[in-house]
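Taking it in order: structure first as structure tokens, then the write-up.
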Amino acid sequence: MKVIVLGAGIIGVTSAYQLAKAGHDVTVIDRQPGPALETSFANAGEVSFGYCSPWAAPGIPMKAMKWLLMEHAPLILRPKIDAAMLSWMIKMLSNCTANRYAINKSRMLRLADYSRLSLAALRDETRISYDERMQGTLQLFRTQQQLDASAKDVKALAADGVPYEVLDRDGCVRVEPALAHVRDRIVGGLMTPKDETGDCFKFTNALAAIAEALGVRFAYGHHIKGLDADGAQIRTVVTDKGNFTADAVVVALGSYSPLILKPLGISLPVYPVKGYSLTIPITDASRAPESTVMDETYKIAITRLGERIRVGGMAEISGYTNDLGHARRRTLEHSVSDLFPGGDISKATFWSGLRPMTPDGTPVIGPTRVKGLFLNTGHGTLGWTMSSGSARVIADLVSGRSPDIDATDLAISRYG
Ligand SMILES: Cc1cc2nc3c(=O)[nH]c(=O)nc-3n(C[C@H](O)[C@H](O)[C@H](O)COP(=O)(O)OP(=O)(O)OC[C@H]3O[C@@H](n4cnc5c(N)ncnc54)[C@H](O)[C@@H]3O)c2cc1C
């Protein structure tokens with residue numbers, strides 16, 4: 001079958017690879033000159049199979065009010081007259097109940113666990129390298145109150161069968177030796193040892209090259225203008241450099257997916273939630289992290305990627321803008337300098353990306369009511385983590401096979 005994948009981020013490229021392996025004739029279209037040049041470029045590098053929950057959770061509306069007032073705020077809200085923003089926020093708030101949280105989390109965990117197995121299989125078959133490490137994630141608590149509050153996370157991890165370890169100060173230093181320098185600033189942590197780390201940009205580029213060798217064509221520098229569905233069947237992808245015809249189209253345009261679907265009457269509740277990262281060259285490895293440390297106070301992830309430290313986080317709801325806010329840079333610098341001052345901040349690169357967020361935290365994977373039109377998008381905070389499993393699910397669905405995991409409640413039809 002002739003399949004076109006829209007988007008060459010981590011989701012589009014992993015999808016193209018699995019579709020090519022399934023025997024399809026695959027073309028990927030993207031406006032950028034290469035793979036992973038938008039949100040998949042410089043994310044925090046956590047492959048967080050265990051620590052995988054929706055942002056919409058009970059108690060979040062109250063916590064959000066507090067975060068908005070903090071000096072180094074993890075949440076920034078810039079309200080606009082934008083119906084999509086308002087509608088997304090209302091839907092997100094309606095998911096902050098215990099019942100919705102449990103449903104959404106179980107969907108995310110199912111996909112994350114499948115992604116863990118799928119990524120391991122992909123590594124075995126391709127021998128791909130991407131500054132990967134398999135040393136877990138340490139959620140770090142600076143106050144006793146944070147440590148006490150983690151009891152409910154521990155209960156949830158135990159209920160979901162996710163391996164974890166509650167650590168005291170010494171335990172944190174054992175897994176992250178550089179914390180010995182700042183012992184007095186921490187009280188303990190929660191370790192999820194099955195989590196991994198790696199550079200999403202390197203991975204996507206390496207996999208795109210492998211996919212190309214399998215016969216996938218990449219049409220870079222093509223701005224997608226729209227989709228033509230002849231009757232109820234997808235026919236054509238319209239770009240600024242000409243049209244492409246296909247038997248099936250997979251939309252993996254990240255935050256931009258809803259814009260391309262709207263003219264077809266498909267309303268996809270994905271909205272951009274901006275985040276920021278700093279990438280810092282390591283000058284003193286004894287003061288750098290070994291894996292990922294989540295600084296619970298600022299909700300910032302600090303990750304070791306080869307000879308670099310990547311610091312990423314914050315959630316800014318401000319529409320489709322990649323402007324770099326310098327107050328955000330100060331927050332990232334503050335967190336990393338406080339815990340892991342082993343890098344040269346004067347040589348850091350500052351970046352922002354738009355997380356394609358659904359209001360329920362779960363991505364949208366599956367068919368639409370237009371025959372041949374599929375979605376693999378809306379991966380929000382965990383697109384790197386969930387990419388490998390999502391790609392296998394979409395390749396199975398496009399091929400008319402049953403996926404290895406139940407995917408019916410991942411499709412857009414769950415929104416009614
Ligand atoms: C600060 C930050 C930290 C993060 N940390 C983590 C983490 O630690 N772990 C994790 O799992 N996830 C993390 N994420 C989330 C993760 O990066 C995203 O979920 C993931 O990159 C989304 O991938 P994507 O392929 O859907 O989107 P993208 O990478 O944005 O790809 C979409 C592609 O579509 C193309 N496109 C869009 N519109 C058009 C058009 N009209 N015509 C042509 N091309 C178009 C774009 O050029 C782009 O290449 C983080 C995100 C941010 C912002």
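Taking amide H as placed 1.01 Å from N in the peptide plane, the amide H of Arg308 sits under 5 Å from that of Ile282, each at least 5 places away or on another chain. Taking a Cβ cut-off of under 10 Å around His222, the surrounding Lys, Arg, Asp and Glu residues balance to a net charge of +1, with basic ones at +1 and acidic ones at -1. Of the cross-linked pairs Lys21/Lys274; Lys66/Lys225; Lys80/Lys152; Lys105/Lys225; Lys241/Lys371; Lys2/Lys91, those separated by over 30 Å at the C-alpha level are Lys21/Lys274; Lys66/Lys225; Lys80/Lys152; Lys105/Lys225; Lys2/Lys91. Here r is the Cβ-Cβ distance between Ser413 and Arg183 and R0 is 45 Å; the resulting FRET efficiency, rounded to 0.05, is 0.30. Taken one residue at a time, the phi angles of segment 392-407 give Karplus couplings (6.51, -1.76, 1.60, θ = phi - 60°) of 5, 4, 5, 5, 5, 5, 4, 7, x, 9, 7, x, 5, 10, 5, 10 Hz. Gly and Pro are set to x. Here the chain carries DSSP beta bridges of which approximately 70% are antiparallel, counting only pairs with both residues inside.
For segment 333-407 versus segment 5-81, the spacing of their alpha-carbon centroids is 4 Å.
Share of carbon and sulfur in the accessible area of segment 296-416 stands at 50%, probe radius 1.4 Å.
Stretching the chain fully between Glu165 and Asn322 yields a gain of 52.8 nm (0.36 nm per residue, less the alpha carbon separation).
Karplus-derived 3J(HN,Hα) values for segment 202-213, using 6.51 cos²θ - 1.76 cosθ + 1.60 with θ = phi - 60°, are 4, 4, 5, 5, 5, 6, 4, 5, 5, 4, 4, 5 Hz; glycine and proline are entered as x. Residues whose amide H comes within less than 5 Å of that of Leu167, counting only those at least five positions distant or on another chain, are Gly189, Leu190, Met191 (H built at 1.01 Å from N in the peptide plane). Since only Thr292, Thr358, Ile309 are under comparison, the one whose Cα sits farthest along the positive direction of the charge dipole of segment 283-384, derived from C-beta charges on Lys, Arg, Asp and Glu, is Thr358. The distance from the alpha carbon centre of segment 261-277 to that of segment 176-248 is 16 Å, rounded to a whole number. Given +1 at the Cβ of Lys and Arg, -1 at the Cβ of Asp and Glu and no other charges, the dipole of the chain around its Cα centre is 800 debye to the nearest 20. Sequentially through segment 322-327, phi angles give Karplus couplings (6.51, -1.76, 1.60; θ = phi - 60°) of 9, 3, 9, x, 6, 5 Hz, Gly and Pro residues having no value and appearing as x. Estimated from helical segments only, the mean residue ellipticity of the chain at 222 nm is -10000 deg cm²/dmol, where each DSSP H run of four or more residues counts as -39500 (n - 2.57).
Candidates Ile280, Ser335, Thr321 compared by Cα position along the dipole of segment 270-339: farthest toward the positive end lies Thr321, with charges placed on Cβ.
Close amide-amide hydrogen proximity is noted between Lys371 and Gln233, Ile234, each under 5 Å apart and 5 or more residues distant or on a separate chain (H modeled in the peptide plane; Pro and chain starts excluded).
Computed over the chain with a Gaussian network model linking Cα atoms closer than 10 Å, the most mobile of Ala36, Ala149, Ala288 is Ala149. In this structure, Ser399 and Lys241 have a Cβ-Cβ separation that, at R0 = 41 Å, corresponds to a calculated FRET efficiency of about 0.90. With r defined as the distance between the Cβ atoms of Asp82 and Lys152 and R0 fixed at 25 Å, what FRET efficiency is calculated, to the nearest 0.05? Given R0 = 25 Å and the Cβ-Cβ separation, E is 0.15. Given +1 at the Cβ of Lys and Arg, -1 at the Cβ of Asp and Glu and no other charges, the dipole of segment 163-302 around its Cα centre is 440 debye to the nearest 20. Note on Asp228 and Asp25: the extension gain reaches 71.1 nm, defined as 0.36 nm multiplied by sequence separation minus the Cα-Cα distance. Computed over protein heavy atoms with a 1.4 Å probe, the accessible surface of segment 1-151 works out to 45 Å² per residue. At the residue level, Thr197 shows approximately 0 square angstrom of accessible surface with a 1.4 angstrom probe and all protein chains present. In a fully extended conformation the segment linking His334 and Ala98 would gain 81.6 nm over its present Cα-Cα distance, using 0.36 nm per residue.
The values are calculated or read from the model by the stated rules, or taken from the named source; none is laboratory data. Treat the numbers as computed from the prediction; the structure is a model and nothing was measured. Quick reminder, even Gly has a Cβ in these numbers, built from the backbone with ideal geometry, and neighbours come from all protein chains shown. We work out accessible area using only protein heavy atoms, side chains counted, and drop any ligands, DNA or RNA first. Shrake-Rupley method; radii C 1.70, N 1.55, O 1.52, S 1.80 Å.
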